Amino acid sequence: MTAPIPVPAPVSSASPSAETSRTPQIPLLLAAVFLVYLGQMTLNPIIAPLSREVGLAEWQIGATISTAAIMVVLTSQFWGRRSQSWGRKPVLVASFTIATAAMALFGLVAWAGMSGVLTGILLFVLFVLLRGVCFGGAISAVAPTAQAYIADVTHDERLRVKGMAGIGAVQGIAMVGGAIVGGVLSAFGILTPLVAVPVLLLIGLVLVATRLRREPRHELIESPRRVSPLDRRVWPFLVAGFGMFTALGFIQVIIGFIVQDRLGLDAGSTGLVTGAVLLAAGVGMIAAQAVIVPRSGWMPATLLRVGSLVAVVGFAVLLIDAGPVPLFLSVLLIGLGLGIGTPGYTAGSTLLMHRDEQGGVAGLIGATNGLTFVIAPTAGTALYGVGPLLPVLVGLAVMALVAAFVLIHPRFRHLPPAPVE
């Protein structure tokens with residue numbers, strides 16, 4: 001298990017997609033990722049106060065987020081492989097259509113909950129079905145489709161890392177945009193951001209439906225290969241990514257509660273300040289993936305090592321309850337660290353895969369990310385109810401284990417060169 005892994009035999013030069021002979025549509029795929037995450041992040045500043053306004057307990061909103069994560073786990077490999085067999089356009093059109101409808105209905109349900117028309121178990125079930133099952137299953141298609149496409153049109157290590165960093169960069173920009181949009185709109189009423197989300201998703205639907213090229217049938221892969229999470233080319237990267245996003249999951253959902261309880265704010269102010277806190281995380285992620293990663297020239301192993309250590313410092317600072325300054329600083333450092341580490345995680349294993357495995361590994365990465373949010377949000381909110389510092393301590397411990405793992409495991413010292421295709 002510790003020996004260097006042989007480089008796969010090169011795929012025939014005739015096998016790569018003809019996209020490489022045309023102008024790749026990477027910016028358009030990144031725009032799709034941006035709009036999906038912008039819609040999702042617009043909800044984050046108001047999800048905690050919204051749950052209290054409609055009468056749901058902390059664990060119920062955690063369970064809703066965990067349900068969405070379960071759907072990501074169950075569907076990411078399917079979508080990733082279908083993006084190679086059906087084509088990117090049909091997959092993204094289906095994804096945006098389902099997501100738009102789900103969030104429009106979710107807004108109506110939230111309004112009914114605040115009005116007292118829906119209460120109790122029925123309200124909770126509708127939250128889970130719409131925000132969890134439908135929205136989670138739909139958006140799980142977008143990132144794997146973009147990752148598989150970038151892997152298909154980039155054929156050396158630096159370009160692959162840069163392309164995967166682009167996905168992370170637009171996610172960071174979406175985090176900033178969502179924090180601004182969600183925070184500012186919440187000042188006009190907590191339901192206002194819920195109106196904006198389906199509008200953003202509808203824009204994405206129109207964009208991919210009208211601008212994205214559909215691949216000719218001969219460019220598709222009829223039977224993309226499934227990639228096992230136990231594949232020795234892949235599993236160390238999955239372990240590192242799982243640990244990073246598990247640590248994040250323990251605190252992401254409770255940030256709104258931390259802001260409200262530490263600073264003593266009402267629901268409207270909580271949405272605004274939580275948006276500002278998430279803005280700090282997004283700034284850190286953008287700085288990492290738009291500036292540090294492309295300019296550093298670091299390869300996947302180095303990115304994982306540096307990023308995990310920076311994130312450890314961020315979690316440690318989050319333990320300090322001393323007003324807004326350490327709170328903002330901690331989230332900034334966590335965003336910076338994860339922004340540096342994530343391209344190493346997403347690009348590393350793809351460099352060892354053949355073209356017909358790229359959809360499978362992209363889906364596997366998406367499923368791993370989703371798996372971290374199956375337990376962590378529910379556990380984080382439950383731990384927060386016991387003691388506000390407990391989820392932060394768990395996140396710190398998990399991130400420290402990731403830092404140790406990527407520093408000592410042989411896989412990150414013996415990464416063979418990418419197969420030339």
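The table below gives the values:
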{"quantity": "Unmet requirement for residue 388, which otherwise passes all of (1) farther than 21 Å from residue 81 by Cα; (2) assigned to a helix (DSSP H, G or I); (3) touching a residue at least 24 places away in the same chain (Cβ under 8 Å)", "calculated": "(2)"}
{"quantity": "Residue within the stretch 64-77 that is touching a residue at least 24 places away in the same chain (Cβ under 8 Å), among the hydroxyl-bearing types (Ser, Thr, Tyr) and surrounded by fewer than 19 Cβ atoms within 10 Å (Cβ to Cβ) present", "calculated": "no"}
{"quantity": "Meets criteria (in contact with a helix residue (DSSP H, G or I) (Cβ under 9 Å, 6 or more places away or on another chain) and within 27 Å of residue 345 (Cβ to Cβ)) for residue 192", "calculated": "no"}
{"quantity": "The lone exception for residue 203 - which of (1) closer than 30 Å to residue 44 by Cβ; (2) at pLDDT below 85 it fails", "calculated": "(2)"}
{"quantity": "Failed item, numbered, when residue 75 is tested on (1) under 20 Å from residue 204 (Cα atoms); (2) within 19 Å of the chain's Cα centre (by Cα)", "calculated": "(1)"}
{"quantity": "Residue that is surrounded by fewer than 22 Cβ atoms within 10 Å (Cβ to Cβ), out of contact with any strand residue (DSSP E or B) (no Cβ under 7 Å at 6 or more places or on another chain) and within 21 Å of residue 223 (Cα to Cα), where the choices are 86, 59, 111", "calculated": "86"}
{"quantity": "Residue check, residue 15 assigned to a helix (DSSP H, G or I) and either among the β-branched types (Val, Ile, Thr) or at pLDDT below 90 (or both)", "calculated": "no"}
{"quantity": "Those residues of the stretch 254-281 which are modelled with pLDDT of 80 or more, among the small types (Gly, Ala, Ser) and surrounded by 24 or more Cβ atoms within 10 Å (Cβ to Cβ), in sequence order", "calculated": "256, 281"}
{"quantity": "Set 355, 411: member being charged (D, E, K, R) and crowded, with 23+ Cβ neighbours inside 10 Å", "calculated": "411"}
{"quantity": "Residue in the stretch 245-253 that is in contact with a Pro (Cβ under 9 Å, 6 or more places away or on another chain), closer than 28 Å to residue 385 by Cα, crowded, with 23+ Cβ neighbours inside 10 Å and of a type in the set (Val, Ile, Thr) present", "calculated": "yes"}
{"quantity": "Hits in the stretch 331-350 (condition: of a type in the set (A, V, I, L, M), surrounded by 24 or more Cβ atoms within 10 Å (Cβ to Cβ) and more than 12 Å from the chain's Cα centre (by Cα))", "calculated": "331, 334, 336, 340, 347"}
{"quantity": "Among (1) under 22 Å from residue 260 (Cβ atoms); (2) part of a helix (DSSP H, G or I), the one test that residue 359 misses", "calculated": "(1)"}
{"quantity": "The stretch 241-272, residues that are of a type outside the set (D, E, K, R) and free of Cβ contacts under 8 Å to residues at least 40 places away in the same chain", "calculated": "264, 265, 269"}
{"quantity": "Residue list for the stretch 368-395, restricted to those being modelled with pLDDT of 90 or more and crowded, with 21+ Cβ neighbours inside 10 Å", "calculated": "391, 392, 395"}
{"quantity": "Any hit, the stretch 207-225, residues being under 30 Å from residue 319 (Cβ atoms) and in a helix (DSSP H, G or I)", "calculated": "no"}
{"quantity": "Residue ID - nearest to residue 198 (Cα to Cα), chosen from residues in the stretch 65-114 that are at pLDDT 85 or above and of a type in the set (Ser, Thr, Tyr)", "calculated": "100"}
{"quantity": "Test: residue in the stretch 145-155 that is of a type outside the set (Ser, Thr, Tyr), modelled with pLDDT of 90 or more and surrounded by 24 or more Cβ atoms within 10 Å (Cβ to Cβ)", "calculated": "yes"}
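This table checks each residue for (1) modelled with pLDDT under 90; (2) more than 17 Å from residue 401 (Cβ to Cβ); (3) aliphatic (A, V, I, L, M); (4) touching a Ser or Thr at 6+ places or on another chain (Cβ under 9 Å).
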site: 294; (1), (2), (3), (4): yes, yes, no, no
site: 302; (1), (2), (3), (4): no, yes, no, yes
site: 309; (1), (2), (3), (4): no, no, yes, no
site: 312; (1), (2), (3), (4): no, no, yes, no
site: 317; (1), (2), (3), (4): no, yes, yes, yes
site: 322; (1), (2), (3), (4): yes, yes, yes, no
site: 331; (1), (2), (3), (4): no, yes, yes, no
site: 340; (1), (2), (3), (4): no, yes, yes, yes
site: 351; (1), (2), (3), (4): yes, yes, yes, no
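The values are calculated or read from the model by the stated rules, or taken from the named source; none is laboratory data. Note that the structure is predicted; figures quoted are calculated from it, not measured. FYI the Cβ positions are ideal-geometry reconstructions off the backbone, even for glycines, and counts take in every protein chain you see.
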